[in-house]
1. If you restrict to DSSP beta bridges whose two residues both lie in region 1-160, what percentage is antiparallel, to the nearest 5?
2. Rank these by accessible area, largest first, 1.4 Å probe: Ile196, Ile162.
3. Greater than 27 Å separation of Cα atoms is the criterion. Which listed pairs, Lys290/Lys329; Lys143/Lys329; Lys143/Lys252; Lys344/Lys375; Lys185/Lys363; Lys76/Lys143, meet it?
4. Which three extents, in whole angstrom, do the alpha-carbon atoms of region 65-111 cover along their principal axes, largest first?
5. Quick one: ranking Trp362, Trp288 by accessible area, 1.4 Å probe, largest first, what do you get?
6. How much accessible surface does Lys242 have with a 1.4 Å probe, in Å² rounded to 10?
7. Given 0.36 nm per residue, what is the gain on full extension from Asp193 to Asn129 after removing their alpha carbon distance, in nm?
8. Points 7 angstrom from Cα along the Cβ direction at Glu327 and Asn183: gap in nanometres?
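The values are calculated or read from the model by the stated rules, or taken from the named source; none is laboratory data. Worth saying up front: this structure is predicted, and the values here are computed from it rather than measured. With ideal geometry, Cβ positions are generated from the backbone for all residues, glycine too; neighbour counts draw on all protein chains shown. Side chains are part of the model used for accessible areas, which takes the heavy atoms of the whole protein and leaves out ligands, DNA and RNA. Shrake-Rupley method; radii C 1.70, N 1.55, O 1.52, S 1.80 Å.
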Amino acid sequence: MKEITLLPADNYIVVNKTVISKQDNNIVSMLYQPIIGYTAVALYYTLIDDLDKYALMSSSFTHHHLMSTMQLSLDKILIARKKLEAVGLLKTYYKEDNNLNNFVYMLYSPLSSYDFFHHPILNIVLYNNLGKNEYDKLLDYFKVPRVNLKDYFDITENFSDIFSAVPGTVDIQYDVSKREEGNIKIEPVIDFDFLISSIPKNLYSDRCFSDDVKELINTISYTYNLDTNAVISLVRDSINEKGLFDKAYFRKTARNYYQFRNDGALPTIIYKSQPEYLKKPVGDNSKWAKMVYTFENTSPYRFLKAKSHGTNPTSRDLKIVEDLLVEQKLNPGVVNVLISYTLKVNNEKLNKNYVETIAGQWKRLGVETVEEAMKRCETEYKKRKNLKTVTKTIKNDSKVPEWFNKNLDKDLTNSDEIKEMDDILNTLV
């Protein structure tokens with residue numbers, strides 16, 4: 001999707017597509033906030049406050065209004081907006097007019113507490129982000145008390161017993177406000193033609209792979225990072241004796257499979273690639289720019305997998321990368337640079353203590369861009385060597401990244417490092 005440059009002068013209006021209740025406010029602050037963060041939640045409520053007195057549609061505002069109201073930079077507001085979009089609380093529409101962008105922000109209700117705790121992604125991430133104790137407290141808060149009706153009789157009247165039908169019709173010509181929830185969109189990760197063809201036809205009925213079943217399989221596969229081959233056996237085992245798909249069993253077995261491969265841990269969600277505003281402007285065709293582009297536009301998982309020659313990274317290495325993203329809150333492109341450097345100087349081993357030491361330093365120094373990280377790696381390497389002989393050492397040392405002290409222009413001859421970057425770039429196509 002094309003990235004739209006957002007400017008303070010760009011206009012926006014807010015449209016309320018739902019009815020937001022007090023219970024919704026509790027759900028957003030208690031269930032969504034641990035996933036999307038305080039800033040995204042603050043943006044959600046700020047947009048609600050922009051609505052008119054009928055809470056239907058706002059006047060036109062500029063994004064400078066948001067910056068002033070929230071006391072945040074436009075970059076942070078953009079990231080918060082994308083998080084709201086990702087979890088289904090906001091939809092964004094845009095058009096260009098007289099060199100200015102015009103945006104429409106449509107607000108949606110959060111999922112009900114029941115749907116949230118049964119969601120294949122949000123529920124798992126909430127549990128993982130909060131931990132068992134805090135998660136259980138939230139679950140207790142939203143639990144509905146059960147009333148024992150064993151000795152009671154249902155004496156509720158029917159509508160037809162009280163009212164009589166009156167001939168006539170009413171033509172509703174206007175939209176009436178109603179509760180609407182936004183959908184969480186997941187890109188297809190499963191080849192269903194291949195999956196279904198891999199299962200004997202006598203095992204499933206015609207109703208087995210309905211649209212909602214396919215959606216669940218795709219969502220669960222995304223959550224647990226399963227490809228089509230990995231999910232085939234799980235799907236086959238989830239087909240019951242009637243040839244129908246057992247959704248609850250599939251969710252349980254997929255969860256167990258992931259935990260078995262990841263030492264009992266559950267997945268979380270992370271910002272997949274480098275934020276747009278921290279990327280190097282396009283147009284530079286040098287080898288250096290190609291390396292920067294690779295670091296910026298590859299997710300840490302895919303980068304680590306590419307460095308492992310296409311094999312899945314170990315659970316230990318994935319945990320190290322996840323901690324860099326979630327605990328240290330380093331940007332994905334910066335993590336890729338750290339992975340590349342660490343593997344080079346540690347004989348292709350992702351040394352946990354070494355990685356965490358550098359990550360902590362970069363966090364304190366505010367390293368956010370790929371180029372900053374690459375320069376920090378050079379500085380770090382020079383500290384490991386004698387500064388008086390560092391130029392000679394780096395020139396002759398083959399165990400450092402190609403981008404150290406190099407002017408990688410268009411005429412530079414091919415190298416293993418450049419070829420490796422080309423191979424990684426090819427996986428992005």
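1. On the way: 12 of 18 bridges.
Bridges in region 1-160 are about 65 percent antiparallel.
2. On the way: Ile196 40, Ile162 105 Å².
If we order Ile196, Ile162 from most to least accessible, we get Ile162, Ile196.
3. On the way: Lys290/Lys329 25 Å; Lys143/Lys329 33 Å; Lys143/Lys252 21 Å; Lys344/Lys375 15 Å; Lys185/Lys363 32 Å; Lys76/Lys143 35 Å.
Over 27 Å Cα-Cα: Lys143/Lys329; Lys185/Lys363; Lys76/Lys143.
4. That works out to 38, 25, 15 Å along the principal axes.
5. Numbers: Trp362 0, Trp288 45 Å².
Reading off the accessible areas and sorting them downward yields Trp288, Trp362.
6. Solvent-accessible area, nearest 10 Å²: 150 Å².
7. Difference between extended and current length: 19.5 nm.
8. Once both label points are built, they end up 3.8 nm from each other.
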